[in-house]
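Written out below as structure tokens is the structure these notes cover.
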Amino acid sequence: MTDASIDTAPAAGGKGSLLGSDARTKKRNAAEKRFRLYGMAAIAIGLFFLLVLFVSIIRSGAPAFTRTVVDVEFTLTQAEFEAAESELFKTKAYSNLFIQKLKSQLDAAGVEAEFDESAIERLLGKVGSTLREFYRANPEQLGQPVDFELAASSRVDGYFKGRVSRDTLQDSRFLQVSDLDLVDRLEEAGVIRQAFNWPFITGADSGVDNPGGAGIGASVVGSFFMMLVVLALSLPIGVAASIYLEEFAPKNRWTDLIEVNISNLAAVPSIVFGILGLAVFIQFMHLPQSAPLVGGLVLTLMTLPTIIISTRASLRAVPPSIRDAALGVGASKMQAVFHHVLPLAMPGILTGTIIGLAQALGETAPLLLIGMVGFVARGYPDGFIAGFTEPNSAMPAQIYTWATRADAGFYEKAWGGIIILLAFLLTMNIIAIILRRRFERRW
């Protein structure tokens, strides 16, 4: 027997050889190559805009993490303290003492500067009140040198960061052009400098006239207590509902109706849940307005459809052979689900839960309706229970409040708050990835 020879010549009917490329094949290959280029271009454009967004956020929000401070070594004797306390206007007496000490410090540095109490108040605020409260709380510091790090006003801070310039500045009760000369003298003496803005991370919100003292720490605590409520309610309720619908519920028109409504609820605008929370939790149940407990309940309603859908998808991804094998060796339906199916679906369940929590963490619209935007959080809760029931704010609500204020310093703080919020969201997504890798099982 001999090998049959393969005829690679074109047939009489005009069909091409299998070893060659005809016009149609070349056209198809060219279309495939163009499609790949389109996909690469789409990815490149998406990455470009993502990079632009990231750079814009960092550039606009990074200044919020620095502040301008004035370093003054202040020594108050017992006699000066008693004299200041005997004055009718005690704050003014402390301010005059501070001015004397600051002038002495500038003279020692070889810098000449003339200023009065009003100029110091425009640069540093009520410094006399700060000194009075400190020495009343710490009388043992009398007669000893104390290094004070006093925060400069937001407009002085803006002068160092480029928001305020001599050409655009107009004299007002907040800052005058002549005050910038004093700022330059203080910088020359090394008294005024830029420092990391820890109060922005750990502090609370301030009044509308004090953007420099605004912090997001209290709002972070409010968001933390809200997420505890959401996690404690949405995870068990969502997982239990998913297990019942996927594993135990009969397939009929009622369960089909429930599934359709769950899918529809996942697409409902979040502000609708805020209206529902306002009507049910505040007006009907009379729960405290602006409390993290109410915010957590509203966000739980919003998060439940997402968790149910993701959990059902994770349960559905477990092969039916796992269930059949468990039932085949004598396990009950519940044992098969909880001992075999649920552990295999746990990575997807945890991932969906954390993604749902991350979505709830960044929501602002539902919080508008329950008053968490109108409330100014100026302190931390007194205890663990108070963290749920006392009025507070949340990070997205605080960012929204700052963005609506007119001062450019608050706008800067809003961008800084976005950076902190994105850091929380990134952390939660990293945790989701780690948990998925940790609990993932292969079969």
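Brief remarks on what is shown
- Under-5 Å amide H pairs with LEU169, H placed in peptide plane, nonlocal only: none
- Averaging the Cα positions of each part gives two centres, and for the range 208-280 and the range 82-118 these lie 56 Å apart.
- Inter-label distance for GLU114 and SER60, nm, one decimal - labels placed 7 Å from Cα along Cα-to-Cβ: 4.4
- Length-normalised contact order of the chain in % [C-alpha pairs under 8 Å, at least 6 apart]: 18
- Placing +1 on each Lys and Arg Cβ and -1 on each Asp and Glu Cβ, with no other charges, gives the range 65-196 a dipole about its Cα centre of roughly 520 debye.
- Here the Gaussian network model covers the chain, with springs between Cα atoms less than 10 Å apart; of GLY328, GLY274, GLY417, GLY328 fluctuates the most.
- Order of LEU124, LEU180 under a 10 Å beta carbon neighbour criterion, fewest first: LEU180, LEU124
- Pairs exceeding a 24 Å alpha-carbon distance, out of LYS126/LYS413; LYS90/LYS161; LYS161/LYS413; LYS103/LYS126: LYS90/LYS161.
- Distance in nm between pseudo-label sites at GLN283 and ILE431 (7 Å out along the Cβ direction from Cα): 3.5
- Shown in residue order for the range 151-164 are the 3J(HN,Hα) couplings computed by the Karplus curve 6.51 cos²θ - 1.76 cosθ + 1.60 at θ = phi - 60°: 6, 6, 5, 5, 6, 5, 4, x, 5, 6, 8, x, 6, 10 Hz (x for Gly and Pro).
- GNM flexibility winner over the chain from PRO343, PRO139, PRO391 (Cα, springs under 10 Å): PRO139
- Structure-based [θ]222 nm, the chain - -39500 (n - 2.57) summed over DSSP H runs of at least 4, per residue, nearest 500: -20000 deg cm²/dmol
- Qualifying lysines (Cα of each under 23 Å from Cα of LYS27; at least 8 residues distant if same chain): LYS15
- Among TRP254, TRP415, TRP402, the largest mean-square fluctuation in a Gaussian network model of the chain, built with springs joining Cα atoms closer than 10 Å, belongs to TRP254.
- With the highest mean first, a sort of the peptides 212-220, 317-325 on other beta-carbon atoms found within 10 angstrom per residue produces 212-220, 317-325.
- Placing unit charges on each Cβ (+1 for Lys and Arg, -1 for Asp and Glu) gives the chain a dipole about its Cα centre, and among SER165, PRO199, LEU426 the Cα reaching farthest toward its positive end belongs to LEU426.
- Between GLU187 and THR389, the modelled label-to-label distance comes to 5.2 nm, taking each label 7 Å out from Cα in the direction of the beta carbon.
- Dipole orientation for the chain: of the candidates SER332, LEU301, VAL220, SER332 has the Cα lying most toward the positive pole (charges on Cβ; Lys, Arg +1; Asp, Glu -1).
- Rounded FRET efficiency, nearest 0.05, which uses the C-beta distance separating LYS92 from ALA195 and R0 of 22 Å: 0.20
- Longest DSSP-loop-exposure-free segment, GluC sites (Glu not before Pro), the chain, at most 12 other Cβ within 10 Å: 115-439
Bear in mind these aren't lab numbers, they're just calculated from the coordinates by the rules spelled out. Predicted model, so just to flag it, every value in this text is computed and none were measured. Here the Cβ is made from the backbone with ideal geometry for all residues, glycine too, and neighbour counts use every protein chain on show.
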